[in-house]
Amino acid sequence: MKRAFITGITGQDGSYLAELLLSKGYTVYGLYRRKSSLDFGNVAHIAHRITMIEGDLLDYPSLVAAIKESRPDEVYNLAAQSFVGASFRQPVATAEIDALGVVHLLEAIRSVKPDARFYQASTSELFGGVYDTPCNEETPFYPRSPYGVAKLYAHWITKNYRENYGVFACAGILFNHESERRGKEFVTRKITSTVAAIKHGEAECLELGNLSSKRDWGHAADYVRAMWLMLQQERPAEFVIATGETRTVREFAELAFRKAGYDIRFEGEGENEVGIDSKSGKILLRVNPAFFRPAEVNVLLGDSSKAKNELGWEREVMFSELVSRMVSSDIKKLG
Ligand code: NAP
Ligand code: GDD
């Protein structure tokens, strides 16, 4: 029976990955941070099937102890300060967790269990949206946020541990993936949870920043399958994981409202743009400049041909279904 150690297990991806590995018969260990109230987040429903180990990416001794206890065949490093917006306000913490935290973990693996296979959660934020053609593994990087820069260090140190020390270290350059378990500060879940609140009469209007920003959005359950596939290959490598389609925030919001029974038409431009309910004439969506970022990644679009050819990976959840699932789940939760 294989053993896996997952950091970031309480987050969105950690929970889907834990479910996947349990279904494959793995013994699963997960790292959780000490908080003022004990909370296993998205894995609360399966916490009894996982060995949860207390620790922090910032604390090297706790990582050594976790690797000693779990003796993993596979390590998935999903832990991060993952919100780009927050990285502009907390650049130092983001660098410490997302960059230095990774070398702490790689060192712990190298000294305790050097034959463990390692997955690093790299990101399309490495490309920085300077491209409007699909990005693949050969596209040069240009990060545009403290988060992107920290993840760039993590990406290269992962490659370096492979080349310098022979660690089986892979990096998945994953484009945005969302789900019913997505944190509510990310734009998709902010949209679907607010649309649900409007539907239930608990909110009046959705306030967003840049509506023209474009993202390549898939479902997290499909993306964790790609992480696992990477660690089953003969040789470690980097892979881009994406849908190959890109949509604006405006399109996501329009569809989310439609799934909840509202037909929105957009009027105005820039900061004055609003989304009006065709039936009632009420403004249901407004632009609020407070949600703009100091530097924006305008377009993200990925080309995952390598993953299709070498891993046999394909997404199963299409864009419309992703939005449907998130809206229905939020409406149900409030109901
Ligand atoms: P998420 O929901 O924000 O989860 C982040 C996880 O990291 C949480 O479990 C969090 O624990 C943990 N964490 C944060 N700081 C930590 C620390 N210092 N020590 C230990 N654990 C810590 O993120 P996600 O969407 O699942 O993403 C998973 C990974 O993929 C992240 O590295 C993210 O940057 C990367 N990524 C995500 C996407 C995407 O679209 N979702 C795309 C590309 C890459 P708490 O519960 O205690 O906060
Ligand atoms: N969060 C947020 N809130 N974003 C908004 C809003 C708003 O009110 N209005 C517009 N946006 C725009 C952002 O400016 C950005 O262009 C886009 O919506 C997506 O923002 P997020 O959902 O916060 O995600 P992200 O693309 O910045 O980062 C996510 O994807 C990365 C992969 O590309 C995160 O999951 C990262 O961890 C991940 O690496």
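The values are calculated or read from the model by the stated rules, or taken from the named source; none is laboratory data. This structure is a prediction, so every number in the text was calculated from the model and none was measured. All Cβ positions, even for glycine, are placed from backbone atoms using ideal geometry, and neighbour counts span all protein chains on display. Side chains included, ligands, DNA and RNA excluded: accessible areas come from the protein's heavy atoms. Shrake-Rupley method; radii C 1.70, N 1.55, O 1.52, S 1.80 Å.
Amide H contacts for Ser304 (H built 1.01 Å from N in the peptide plane; partners 5 or more residues away or on another chain; cut-off under 5 Å): Ala242. Evaluating 6.51 cos²θ - 1.76 cosθ + 1.60 at θ = phi - 60° for every residue in the range 100-110, the Karplus couplings come out as 5, x, 6, 6, 4, 5, 4, 5, 4, 5, 4 Hz, glycine and proline recorded as x. Highest GNM mean-square fluctuation among Ala121, Ala66, Ala44, for the chain modelled with Cα contacts below 10 Å: Ala44.
Under a 1.4 Å probe, what is the accessible area of the range 203-281 per residue, stated in Å²?
Values: 3290 Å² over 79 residues.
For the range 203-281, the solvent-accessible area averages 42 Å² per residue.
Per residue, the chain reaches -11000 deg cm²/dmol at 222 nm when only DSSP H runs of four or more residues are counted, each adding -39500 (n - 2.57). Using only Cα atoms, tell me the angle between helix 12-23 and the longest principal axis of the chain; keep it within 0 to 90° and round to the nearest 10. Helix 12-23 sits at roughly 50 degrees to that axis. Working from label points 7 Å from Cα in the Cα-to-Cβ sense, the Lys184 to Ala86 distance is 1.5 nm. Counting only lysines at least 8 places from Lys282 when in the same chain, those with an alpha carbon closer than 22 Å to its own are Lys190, Lys199, Lys259. Put a dot 7 Å past the Cα of Glu234, heading toward its Cβ, do the same for Arg258, and the two dots end up 4.6 nm apart. Counting only protein heavy atoms and a probe of 1.4 Å, the accessible surface of the chain is 47% carbon and sulfur. Mind grabbing the base-10 log of I(q)/I(0) for the range 15-90 at q = 0.21, 0.24, 0.27 Å⁻¹? Debye formula, identical points on the C-alpha positions, no solvent, two decimal places. For the range 15-90 at q = 0.21, 0.24, 0.27 Å⁻¹, log10 I(q)/I(0) is -1.08, -1.29, -1.43.
With the simple model of a label 7 Å out from the Cα in the direction of the Cβ, Lys2 to Asp115 spans 1.5 nm.
May I ask you to list the trypsin sites (Lys or Arg not before Pro) in the range 135-215 that are in a DSSP loop and have at most 13 other Cβ atoms within 10 Å of their Cβ?
Lys184
Averaging the Cα positions of each part gives two centres, and for the range 131-202 and the range 1-80 these lie 19 Å apart. Put a plus charge on the Cβ of each Lys and Arg, a minus charge on the Cβ of each Asp and Glu, and nothing anywhere else: the dipole of the range 1-104 about its Cα centre is then about 200 debye. For the chain, the Cβ-based charge dipole about the Cα centre amounts to some 760 debye (Lys, Arg positive; Asp, Glu negative; other atoms uncharged).
For Lys68, the aspartates and glutamates whose Cα comes closer than 17 Å to its Cα, not counting residues fewer than 8 places off in the same chain, are Glu54, Asp56, Asp59, Glu107, Asp115.
When the Cα gyration tensor is reduced to axis lengths a ≥ b ≥ c, the ratio a/c is 1.5 or higher for the range 287-335, and with a/b not above b/c it is classed as oblate. Per residue, the range 1-120 exposes 42 Å² of solvent-accessible protein surface, assessed with a 1.4 angstrom probe and all protein chains in place.
Using only the Cα atoms, work out Rg/Rh for the chain, with Rh taken as the Kirkwood radius, to two decimals.
On the way: Rg = 20.0 Å, Rh = 20.6 Å.
Using Cα coordinates only, the ratio equals 0.98.
Using θ = phi - 60° in the Karplus curve 6.51 cos²θ - 1.76 cosθ + 1.60, the 3J(HN,Hα) couplings for the range 202-214 round to 9, 8, 9, 8, 9, 10, 10, x, 6, 6, 8, 4, 10 Hz; x is entered for Gly and Pro. Using Cα atoms only, what is the angle between the long axis of helix 319-334 and the major principal axis of the chain, expressed in degrees (0 to 90) to the nearest 10? Between the helix axis and the principal axis of the chain, the angle is about 80 degrees.
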